[in-house]
Amino acid sequence: MKYVQPPERLDALARAYAIGTLSPRASRRFARVLASSPVAAQAVADWQQVLRVLEDGAPEAPAPRAQVWLDVQARLFGREQAALPLRARAGRGVRALAGWAGGLGAALGALLCAAVLLARPQWADLERSGGQAPPSYVGVLSDPQGHALLATTARRHGRLLTVRLLHPVPLPAGQVLSLWAWSDADPTPRLVGRSPNVQSADIALARPAEDLLGKMTHLGVAPADAGPESLTAPSAPFLAEGPCAKVW
Amino acid sequence: MARSPHQPDSDDLARWLAHVALGDRRAFEALYQATSTYLMAVAWRVLQHRDLAEEVLQDAFVKVWHGAGMYDARLGAPMTWLINIVRNRAIDIRRSRAAALSDAHGDDDAAAPDATASPAAGPEQWLDTAIHRVGVQQCMGQLTASQRQALALVYYQGMSHTEAAQALDTPLGTTKAWVRRGLDYLKACLQGRGMVTP
(Lines give C-alpha, C1' and ligand atoms only; values in the text may rest on other atoms or scores of the structure.)
Protein backbone atom coordinates (compact mmCIF):
# COMPACT_ATOMS: atom_id res chain seq x y z
CA MET A 1 0.00 0.00 0.00
CA LYS A 2 2.95 2.29 -0.54
CA TYR A 3 0.89 4.25 -3.10
CA VAL A 4 -1.95 5.23 -0.83
CA GLN A 5 0.02 6.18 2.27
CA PRO A 6 0.65 8.82 3.39
CA PRO A 7 -2.36 10.75 2.04
CA GLU A 8 -0.10 13.49 0.66
CA ARG A 9 1.68 10.95 -1.51
CA LEU A 10 -1.59 9.56 -2.78
CA ASP A 11 -2.87 13.06 -3.55
CA ALA A 12 0.29 13.90 -5.49
CA LEU A 13 0.08 10.67 -7.48
CA ALA A 14 -3.62 11.13 -8.14
CA ARG A 15 -3.04 14.69 -9.32
CA ALA A 16 -0.24 13.64 -11.67
CA TYR A 17 -2.24 10.69 -12.95
CA ALA A 18 -5.33 12.80 -13.60
CA ILE A 19 -3.51 15.51 -15.51
CA GLY A 20 -1.34 12.99 -17.34
CA THR A 21 2.18 13.86 -16.23
CA LEU A 22 3.12 10.45 -14.83
CA SER A 23 5.47 8.49 -17.04
CA PRO A 24 3.73 5.78 -19.07
CA ARG A 25 5.22 3.08 -16.84
CA ALA A 26 4.24 4.81 -13.59
CA SER A 27 0.83 5.52 -15.04
CA ARG A 28 0.22 1.85 -15.85
CA ARG A 29 1.39 0.86 -12.37
CA PHE A 30 -0.90 3.37 -10.73
CA ALA A 31 -3.81 2.28 -12.92
CA ARG A 32 -3.43 -1.18 -11.42
CA VAL A 33 -3.58 0.34 -7.95
CA LEU A 34 -6.77 2.17 -8.90
CA ALA A 35 -8.44 -1.07 -9.86
CA SER A 36 -8.00 -2.46 -6.36
CA SER A 37 -8.06 0.62 -4.16
CA PRO A 38 -11.31 2.59 -3.80
CA VAL A 39 -9.39 5.24 -1.85
CA ALA A 40 -7.00 5.79 -4.73
CA ALA A 41 -9.84 5.72 -7.27
CA GLN A 42 -11.68 8.38 -5.29
CA ALA A 43 -8.54 10.54 -5.08
CA VAL A 44 -8.17 10.45 -8.87
CA ALA A 45 -11.89 11.11 -9.34
CA ASP A 46 -11.60 14.19 -7.12
CA TRP A 47 -8.85 15.58 -9.33
CA GLN A 48 -10.71 14.70 -12.51
CA GLN A 49 -13.65 16.65 -11.16
CA VAL A 50 -11.38 19.68 -10.71
CA LEU A 51 -9.89 19.36 -14.18
CA ARG A 52 -13.33 18.98 -15.71
CA VAL A 53 -13.81 22.69 -15.06
CA LEU A 54 -11.05 23.47 -17.53
CA GLU A 55 -13.08 21.85 -20.30
CA ASP A 56 -15.31 24.91 -20.30
CA GLY A 57 -12.57 26.74 -22.14
CA ALA A 58 -12.62 24.24 -24.96
CA PRO A 59 -12.13 25.88 -28.35
CA GLU A 60 -14.09 25.09 -31.47
CA ALA A 61 -12.86 22.00 -33.18
CA PRO A 62 -13.62 20.18 -36.40
CA ALA A 63 -16.53 17.79 -35.99
CA PRO A 64 -15.63 14.14 -36.54
CA ARG A 65 -16.34 12.97 -40.06
CA ALA A 66 -19.13 10.45 -40.62
CA GLN A 67 -16.55 7.81 -41.46
CA VAL A 68 -15.39 7.72 -37.83
CA TRP A 69 -18.69 6.26 -36.65
CA LEU A 70 -18.65 3.74 -39.49
CA ASP A 71 -15.11 2.75 -38.54
CA VAL A 72 -16.07 2.33 -34.87
CA GLN A 73 -18.89 0.01 -35.88
CA ALA A 74 -16.72 -1.87 -38.35
CA ARG A 75 -14.12 -2.53 -35.65
CA LEU A 76 -16.75 -3.77 -33.23
CA PHE A 77 -19.32 -5.47 -35.41
CA GLY A 78 -17.78 -5.96 -38.84
CA ARG A 79 -17.94 -3.92 -42.06
CA GLU A 80 -21.19 -5.43 -43.26
CA GLN A 81 -23.07 -4.49 -40.10
CA ALA A 82 -21.54 -1.03 -40.04
CA ALA A 83 -22.95 -0.25 -43.47
CA LEU A 84 -26.54 -1.01 -42.45
CA PRO A 85 -28.70 1.65 -40.84
CA LEU A 86 -29.37 0.76 -37.23
CA ARG A 87 -33.14 0.54 -37.72
CA ALA A 88 -32.61 -2.26 -40.19
CA ARG A 89 -30.73 -4.19 -37.54
CA ALA A 90 -33.35 -3.65 -34.82
CA GLY A 91 -35.03 -6.68 -33.36
CA ARG A 92 -32.02 -8.92 -33.58
CA GLY A 93 -31.65 -11.95 -31.36
CA VAL A 94 -34.33 -14.45 -30.69
CA ARG A 95 -37.15 -12.30 -32.06
CA ALA A 96 -35.34 -11.89 -35.35
CA LEU A 97 -34.53 -15.58 -35.42
CA ALA A 98 -38.16 -16.49 -34.83
CA GLY A 99 -39.39 -14.04 -37.44
CA TRP A 100 -36.85 -15.31 -39.91
CA ALA A 101 -37.63 -18.92 -39.63
CA GLY A 102 -41.25 -18.68 -38.55
CA GLY A 103 -42.49 -21.54 -36.43
CA LEU A 104 -39.23 -23.37 -36.83
CA GLY A 105 -37.42 -20.49 -35.16
CA ALA A 106 -39.80 -20.42 -32.23
CA ALA A 107 -39.53 -24.15 -31.81
CA LEU A 108 -35.76 -23.94 -31.94
CA GLY A 109 -35.80 -21.18 -29.32
CA ALA A 110 -37.98 -23.20 -27.00
CA LEU A 111 -35.73 -26.21 -27.50
CA LEU A 112 -32.68 -24.13 -26.68
CA CYS A 113 -34.42 -22.77 -23.63
CA ALA A 114 -35.33 -26.24 -22.43
CA ALA A 115 -31.76 -27.41 -23.04
CA VAL A 116 -30.36 -24.51 -21.03
CA LEU A 117 -32.73 -25.24 -18.19
CA LEU A 118 -31.84 -28.90 -18.19
CA ALA A 119 -28.20 -27.90 -17.83
CA ARG A 120 -28.91 -25.21 -15.22
CA PRO A 121 -32.21 -25.99 -13.55
CA GLN A 122 -31.38 -23.70 -10.63
CA TRP A 123 -31.86 -20.70 -12.93
CA ALA A 124 -35.57 -21.34 -13.05
CA ASP A 125 -36.05 -22.98 -9.66
CA LEU A 126 -36.76 -26.31 -11.35
CA GLU A 127 -34.52 -28.55 -9.24
CA ARG A 128 -36.25 -31.86 -8.90
CA SER A 129 -36.59 -33.36 -5.47
CA GLY A 130 -36.84 -36.89 -6.76
CA GLY A 131 -40.10 -36.44 -8.65
CA GLN A 132 -41.10 -34.47 -11.72
CA ALA A 133 -40.56 -30.74 -12.09
CA PRO A 134 -43.87 -28.87 -11.75
CA PRO A 135 -45.48 -27.74 -15.02
CA SER A 136 -44.16 -24.23 -15.56
CA TYR A 137 -43.70 -21.43 -18.03
CA VAL A 138 -40.00 -20.64 -18.26
CA GLY A 139 -37.85 -18.23 -20.18
CA VAL A 140 -34.14 -17.63 -20.53
CA LEU A 141 -33.67 -14.13 -21.91
CA SER A 142 -30.46 -13.21 -23.70
CA ASP A 143 -28.94 -9.87 -24.58
CA PRO A 144 -28.24 -8.95 -28.23
CA GLN A 145 -24.86 -10.67 -27.99
CA GLY A 146 -26.54 -13.91 -27.02
CA HIS A 147 -25.48 -13.86 -23.37
CA ALA A 148 -28.13 -15.17 -21.01
CA LEU A 149 -29.13 -12.23 -18.82
CA LEU A 150 -32.06 -13.48 -16.78
CA ALA A 151 -34.34 -16.45 -16.29
CA THR A 152 -38.04 -16.45 -15.49
CA THR A 153 -40.31 -19.15 -14.18
CA ALA A 154 -43.98 -19.34 -13.25
CA ARG A 155 -46.02 -22.37 -12.26
CA ARG A 156 -48.57 -23.15 -14.95
CA HIS A 157 -51.55 -22.21 -12.80
CA GLY A 158 -49.66 -19.99 -10.37
CA ARG A 159 -49.91 -16.26 -9.85
CA LEU A 160 -46.25 -15.61 -9.15
CA LEU A 161 -43.50 -15.24 -11.72
CA THR A 162 -39.94 -15.38 -10.46
CA VAL A 163 -37.29 -13.29 -12.21
CA ARG A 164 -33.71 -14.33 -11.56
CA LEU A 165 -30.85 -12.18 -12.85
CA LEU A 166 -27.90 -14.16 -14.13
CA HIS A 167 -25.80 -11.01 -14.44
CA PRO A 168 -26.17 -7.59 -12.82
CA VAL A 169 -28.18 -5.14 -14.89
CA PRO A 170 -26.85 -1.57 -14.54
CA LEU A 171 -29.99 0.56 -14.46
CA PRO A 172 -30.20 4.21 -13.42
CA ALA A 173 -31.75 4.88 -10.01
CA GLY A 174 -35.54 4.90 -10.10
CA GLN A 175 -35.79 2.35 -12.89
CA VAL A 176 -36.96 -1.24 -12.73
CA LEU A 177 -37.23 -4.12 -15.16
CA SER A 178 -40.48 -4.53 -17.07
CA LEU A 179 -41.27 -7.98 -18.44
CA TRP A 180 -43.26 -8.28 -21.66
CA ALA A 181 -44.68 -11.20 -23.61
CA TRP A 182 -45.88 -11.57 -27.17
CA SER A 183 -46.72 -14.28 -29.65
CA ASP A 184 -45.82 -14.97 -33.22
CA ALA A 185 -49.46 -14.39 -34.19
CA ASP A 186 -49.66 -11.07 -32.35
CA PRO A 187 -46.23 -9.43 -31.97
CA THR A 188 -47.52 -6.56 -29.82
CA PRO A 189 -45.76 -6.87 -26.43
CA ARG A 190 -48.10 -7.24 -23.44
CA LEU A 191 -46.93 -6.25 -19.99
CA VAL A 192 -46.46 -9.20 -17.66
CA GLY A 193 -45.21 -7.15 -14.72
CA ARG A 194 -42.43 -5.09 -13.25
CA SER A 195 -39.57 -6.40 -11.18
CA PRO A 196 -37.03 -4.57 -9.01
CA ASN A 197 -33.46 -4.75 -10.26
CA VAL A 198 -32.34 -7.37 -7.75
CA GLN A 199 -30.88 -10.82 -8.15
CA SER A 200 -34.18 -12.60 -7.58
CA ALA A 201 -37.70 -11.22 -7.29
CA ASP A 202 -41.29 -12.41 -7.59
CA ILE A 203 -43.81 -10.61 -9.77
CA ALA A 204 -47.43 -10.93 -8.67
CA LEU A 205 -49.42 -11.79 -11.79
CA ALA A 206 -52.83 -10.23 -12.42
CA ARG A 207 -54.14 -13.58 -13.64
CA PRO A 208 -52.84 -17.17 -13.53
CA ALA A 209 -49.77 -17.75 -15.68
CA GLU A 210 -51.78 -20.06 -17.92
CA ASP A 211 -54.09 -17.17 -18.86
CA LEU A 212 -51.29 -14.65 -19.35
CA LEU A 213 -48.65 -16.78 -21.03
CA GLY A 214 -50.54 -19.71 -22.55
CA LYS A 215 -50.50 -18.22 -26.04
CA MET A 216 -47.23 -16.34 -25.74
CA THR A 217 -44.10 -17.49 -27.49
CA HIS A 218 -41.61 -14.77 -26.53
CA LEU A 219 -40.55 -12.77 -23.51
CA GLY A 220 -38.60 -9.51 -23.40
CA VAL A 221 -37.32 -7.30 -20.64
CA ALA A 222 -36.92 -3.53 -20.87
CA PRO A 223 -36.07 -0.77 -18.41
CA ALA A 224 -39.04 1.16 -17.06
CA ASP A 225 -39.82 3.81 -14.50
CA ALA A 226 -40.59 2.44 -11.06
CA GLY A 227 -43.83 4.42 -10.70
CA PRO A 228 -47.25 2.79 -10.27
CA GLU A 229 -48.66 3.98 -13.60
CA SER A 230 -49.56 1.25 -16.06
CA LEU A 231 -47.45 0.65 -19.13
CA THR A 232 -48.96 0.06 -22.51
CA ALA A 233 -45.72 -0.39 -24.43
CA PRO A 234 -42.00 -0.66 -23.61
CA SER A 235 -40.52 2.82 -23.23
CA ALA A 236 -37.00 1.66 -24.12
CA PRO A 237 -35.43 -1.04 -26.29
CA PHE A 238 -35.48 -4.57 -24.93
CA LEU A 239 -32.34 -5.40 -22.97
CA ALA A 240 -32.90 -9.10 -23.49
CA GLU A 241 -35.33 -11.42 -25.23
CA GLY A 242 -36.01 -15.13 -25.28
CA PRO A 243 -38.60 -17.82 -25.91
CA CYS A 244 -41.48 -18.39 -23.53
CA ALA A 245 -41.45 -22.16 -23.15
CA LYS A 246 -43.95 -24.55 -21.63
CA VAL A 247 -42.11 -27.10 -19.55
CA TRP A 248 -44.45 -29.99 -18.89
CA MET B 1 -16.86 22.37 -40.57
CA ALA B 2 -16.03 23.41 -37.06
CA ARG B 3 -18.73 23.14 -34.45
CA SER B 4 -18.98 24.55 -30.99
CA PRO B 5 -18.86 21.64 -28.57
CA HIS B 6 -21.75 21.44 -26.15
CA GLN B 7 -22.38 19.28 -23.15
CA PRO B 8 -25.18 16.72 -23.32
CA ASP B 9 -27.46 15.90 -20.43
CA SER B 10 -25.74 13.86 -17.74
CA ASP B 11 -28.78 11.69 -16.97
CA ASP B 12 -29.11 10.72 -20.63
CA LEU B 13 -25.43 9.81 -20.77
CA ALA B 14 -25.68 7.67 -17.64
CA ARG B 15 -28.72 5.86 -19.03
CA TRP B 16 -27.09 5.23 -22.39
CA LEU B 17 -23.93 3.97 -20.73
CA ALA B 18 -26.00 1.55 -18.66
CA HIS B 19 -27.60 0.23 -21.83
CA VAL B 20 -24.29 0.08 -23.69
CA ALA B 21 -22.98 -2.10 -20.88
CA LEU B 22 -25.72 -4.56 -21.87
CA GLY B 23 -24.77 -4.46 -25.53
CA ASP B 24 -27.48 -2.04 -26.68
CA ARG B 25 -26.24 -0.65 -29.97
CA ARG B 26 -28.98 1.95 -30.25
CA ALA B 27 -27.87 3.43 -26.93
CA PHE B 28 -24.28 3.28 -28.18
CA GLU B 29 -25.19 5.28 -31.27
CA ALA B 30 -27.12 7.79 -29.17
CA LEU B 31 -24.12 8.17 -26.90
CA TYR B 32 -21.82 8.68 -29.86
CA GLN B 33 -24.08 11.23 -31.51
CA ALA B 34 -24.45 13.20 -28.28
CA THR B 35 -20.79 13.30 -27.29
CA SER B 36 -18.53 12.81 -30.29
CA THR B 37 -18.24 16.47 -31.29
CA TYR B 38 -17.44 17.51 -27.75
CA LEU B 39 -14.94 14.68 -27.29
CA MET B 40 -13.38 15.40 -30.67
CA ALA B 41 -12.47 18.83 -29.32
CA VAL B 42 -10.73 17.22 -26.33
CA ALA B 43 -8.62 15.02 -28.60
CA TRP B 44 -8.02 17.75 -31.12
CA ARG B 45 -6.66 20.14 -28.47
CA VAL B 46 -4.02 17.62 -27.46
CA LEU B 47 -3.07 16.55 -30.98
CA GLN B 48 -4.09 19.52 -33.14
CA HIS B 49 -4.39 17.10 -35.98
CA ARG B 50 -7.76 16.05 -37.35
CA ASP B 51 -6.88 12.54 -38.53
CA LEU B 52 -5.18 11.65 -35.27
CA ALA B 53 -7.98 13.17 -33.22
CA GLU B 54 -10.47 11.04 -35.14
CA GLU B 55 -8.30 7.98 -34.55
CA VAL B 56 -8.40 8.76 -30.82
CA LEU B 57 -12.17 9.13 -30.94
CA GLN B 58 -12.49 5.79 -32.68
CA ASP B 59 -10.25 4.04 -30.14
CA ALA B 60 -12.09 5.69 -27.28
CA PHE B 61 -15.53 4.52 -28.43
CA VAL B 62 -14.29 0.99 -28.95
CA LYS B 63 -13.09 1.15 -25.36
CA VAL B 64 -16.43 2.58 -24.22
CA TRP B 65 -18.29 -0.29 -25.88
CA HIS B 66 -16.18 -2.85 -24.08
CA GLY B 67 -15.87 -0.99 -20.79
CA ALA B 68 -19.17 0.83 -20.23
CA GLY B 69 -19.85 -1.48 -17.32
CA MET B 70 -16.80 -0.06 -15.59
CA TYR B 71 -18.33 3.39 -15.34
CA ASP B 72 -19.01 4.12 -11.68
CA ALA B 73 -21.43 7.00 -11.11
CA ARG B 74 -20.15 7.40 -7.55
CA LEU B 75 -16.79 8.54 -8.90
CA GLY B 76 -17.97 11.22 -11.26
CA ALA B 77 -20.21 12.36 -14.07
CA PRO B 78 -20.37 10.24 -17.24
CA MET B 79 -18.91 13.04 -19.36
CA THR B 80 -15.91 13.26 -17.04
CA TRP B 81 -15.39 9.53 -17.49
CA LEU B 82 -15.62 9.84 -21.27
CA ILE B 83 -13.33 12.87 -21.38
CA ASN B 84 -10.67 10.99 -19.45
CA ILE B 85 -10.80 8.03 -21.80
CA VAL B 86 -10.35 10.34 -24.77
CA ARG B 87 -7.74 12.57 -23.19
CA ASN B 88 -5.64 9.65 -21.92
CA ARG B 89 -5.71 8.04 -25.35
CA ALA B 90 -4.80 11.34 -27.00
CA ILE B 91 -1.85 11.78 -24.64
CA ASP B 92 -0.70 8.20 -25.35
CA ILE B 93 -0.78 8.87 -29.09
CA ARG B 94 0.84 12.25 -28.72
CA ARG B 95 3.75 10.75 -26.86
CA SER B 96 4.12 7.61 -28.92
CA ARG B 97 4.04 9.58 -32.12
CA ALA B 98 6.01 12.58 -30.98
CA ALA B 99 8.50 12.16 -33.78
CA ALA B 100 5.84 11.66 -36.43
CA LEU B 101 3.94 14.68 -35.20
CA SER B 102 7.08 16.70 -35.27
CA ASP B 103 7.55 15.73 -38.92
CA ALA B 104 3.94 16.41 -39.67
CA HIS B 105 4.17 19.90 -38.32
CA GLY B 106 7.09 20.41 -40.64
CA ASP B 107 7.04 19.25 -44.24
CA ASP B 108 4.25 16.74 -44.54
CA ASP B 109 1.24 18.76 -45.67
CA ALA B 110 -1.06 15.77 -45.61
CA ALA B 111 -0.52 15.29 -41.90
CA ALA B 112 -0.16 18.92 -40.94
CA PRO B 113 -2.53 20.48 -38.41
CA ASP B 114 -5.83 21.50 -39.93
CA ALA B 115 -5.29 25.24 -40.28
CA THR B 116 -8.92 25.96 -41.10
CA ALA B 117 -10.02 24.46 -37.84
CA SER B 118 -7.29 26.00 -35.73
CA PRO B 119 -8.62 28.20 -32.99
CA ALA B 120 -7.48 31.80 -32.96
CA ALA B 121 -6.37 31.42 -29.35
CA GLY B 122 -3.96 29.01 -27.71
CA PRO B 123 -3.90 27.10 -24.44
CA GLU B 124 -3.51 30.17 -22.25
CA GLN B 125 -6.60 31.71 -23.77
CA TRP B 126 -8.53 28.48 -23.30
CA LEU B 127 -7.52 28.45 -19.64
CA ASP B 128 -8.60 32.06 -19.18
CA THR B 129 -11.92 31.35 -20.88
CA ALA B 130 -12.55 28.37 -18.61
CA ILE B 131 -11.61 30.31 -15.50
CA HIS B 132 -13.89 33.19 -16.41
CA ARG B 133 -16.77 30.91 -17.32
CA VAL B 134 -16.73 29.23 -13.94
CA GLY B 135 -16.07 32.51 -12.15
CA VAL B 136 -12.85 31.62 -10.37
CA GLN B 137 -10.63 34.27 -11.95
CA GLN B 138 -10.04 36.00 -8.63
CA CYS B 139 -8.31 33.12 -6.91
CA MET B 140 -6.59 31.96 -10.07
CA GLY B 141 -5.35 35.51 -10.46
CA GLN B 142 -2.80 34.68 -7.81
CA LEU B 143 -0.94 32.62 -10.39
CA THR B 144 1.69 34.30 -12.49
CA ALA B 145 1.40 34.29 -16.27
CA SER B 146 4.14 31.65 -16.44
CA GLN B 147 2.37 29.42 -13.98
CA ARG B 148 -0.85 29.65 -15.94
CA GLN B 149 1.00 28.99 -19.15
CA ALA B 150 2.60 25.85 -17.74
CA LEU B 151 -0.72 24.56 -16.47
CA ALA B 152 -2.40 25.26 -19.80
CA LEU B 153 0.27 23.46 -21.82
CA VAL B 154 0.16 20.39 -19.62
CA TYR B 155 -3.60 20.18 -19.42
CA TYR B 156 -4.81 21.22 -22.86
CA GLN B 157 -1.98 19.90 -24.96
CA GLY B 158 -1.06 16.91 -22.84
CA MET B 159 2.57 17.97 -22.56
CA SER B 160 4.83 16.20 -20.11
CA HIS B 161 6.65 18.32 -17.55
CA THR B 162 9.80 18.01 -19.65
CA GLU B 163 8.07 19.18 -22.81
CA ALA B 164 6.46 22.08 -20.99
CA ALA B 165 9.81 23.05 -19.47
CA GLN B 166 11.37 23.08 -22.93
CA ALA B 167 8.49 25.06 -24.39
CA LEU B 168 8.74 27.63 -21.62
CA ASP B 169 12.53 27.51 -21.48
CA THR B 170 12.50 27.04 -17.73
CA PRO B 171 14.12 24.46 -15.43
CA LEU B 172 12.16 21.21 -15.08
CA GLY B 173 11.76 21.60 -11.31
CA THR B 174 10.33 25.08 -11.73
CA THR B 175 7.85 23.90 -14.33
CA LYS B 176 6.71 21.04 -12.10
CA ALA B 177 6.19 23.43 -9.22
CA TRP B 178 4.18 25.80 -11.43
CA VAL B 179 1.86 23.06 -12.59
CA ARG B 180 1.45 21.68 -9.09
CA ARG B 181 0.76 25.12 -7.63
CA GLY B 182 -1.69 25.96 -10.38
CA LEU B 183 -3.67 22.80 -9.80
CA ASP B 184 -3.63 23.21 -6.03
CA TYR B 185 -4.91 26.78 -6.35
CA LEU B 186 -7.63 25.69 -8.71
CA LYS B 187 -8.74 22.86 -6.44
CA ALA B 188 -8.76 25.04 -3.32
CA CYS B 189 -10.64 27.72 -5.19
CA LEU B 190 -13.32 25.37 -6.48
CA GLN B 191 -13.67 23.73 -3.09
CA GLY B 192 -13.95 27.12 -1.40
CA ARG B 193 -16.85 27.95 -3.68
CA GLY B 194 -18.52 24.61 -3.21
CA MET B 195 -18.07 23.75 -6.87
CA VAL B 196 -16.34 20.46 -6.13
CA THR B 197 -16.52 18.24 -3.07
CA PRO B 198 -13.67 18.81 -0.60
- Message: Suppose we filter the stretch B:124-152 for residues that are at negative phi and open to solvent by 20 Å² or more (accessible area, probe 1.4 Å); how many remain?
- Response: 17
- Message: I'd like to verify a number: residues in the stretch A:50-73 that are more than 7 Å from chain B (Cβ to nearest Cβ) and either in contact with a strand residue (DSSP E or B) (Cβ under 9 Å, 6 or more places away or on another chain) or crowded, with 20+ Cβ neighbours inside 10 Å (or both), how many?
- Response: 1
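Taking B:Gly67 as the residue in question, decide whether it is open to solvent by less than 10 Å² (accessible area, probe 1.4 Å) and small (Gly, Ala, Ser).
no
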- The lone condition B:Glu54 fails out of (1) in a helix (DSSP H, G or I); (2) more than 7 Å from chain A (Cβ to nearest Cβ); (3) in contact (Cβ under 8 Å) with a residue 12 or more places away in the chain is (2)
- Query: Limited to the stretch A:173-212, what total is found for residues that are within 21 Å of A:Ser142 (Cβ to Cβ) and among the hydrophobic types (A, V, I, L, M, F, W, C)?
  - Reply: 11
- Mind checking which pairs have a first residue in the stretch A:223-244 that is of a type in the set (Asp, Glu) and a second that is loosely packed, with under 14 Cβ neighbours inside 10 Å, Cβ under 7 Å, 6 or more apart or different chains? A:Asp225/A:Gly174
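For B:Asp107, state whether it is over 27 Å from A:Ser23 (Cβ atoms), modelled with pLDDT under 85 and more than 7 Å from chain A (Cβ to nearest Cβ).
Judged against the criteria, B:Asp107 is a match.
Looking at B:Ile85, B:Ile93, can you tell me which residue is touching a residue at least 40 places away in the same chain (Cβ under 8 Å) and either open to solvent by less than 40 Å² (accessible area, probe 1.4 Å) or facing chain A (nearest Cβ under 7 Å) (or both)? Please lay out each step first, then the result.
Values: B:Ile85 fails: touching a residue at least 40 places away in the same chain (Cβ under 8 Å).
From the options B:Ile85, B:Ile93, the qualifying one is B:Ile93.
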- Kindly check whether there is at least one residue in the stretch A:166-174 that is open to solvent by 50 Å² or more (accessible area, probe 1.4 Å) and either modelled with pLDDT of 85 or more or farther than 22 Å from B:Ala30 by Cα (or both). yes
- Message: Please list, ordered by residue number, the helices (runs of 4 or more DSSP H) wholly in the stretch B:119-198 having 3 or more residues that are more than 19 Å from A:Gly20 (Cα to Cα).
- Response: B:123-133, B:137-140, B:172-192
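The values are calculated or read from the model by the stated rules, or taken from the named source; none is laboratory data. Predicted model, so just to flag it, every value in this text is computed and none were measured. As a convention, Cβ positions derive from the backbone with ideal geometry for all residues, glycine included, and neighbour counts pool all protein chains shown. Ligands, DNA and RNA are stripped out before the accessible areas are found, and what is left, the full protein with its side chains, is counted by its heavy atoms. Shrake-Rupley method; radii C 1.70, N 1.55, O 1.52, S 1.80 Å.
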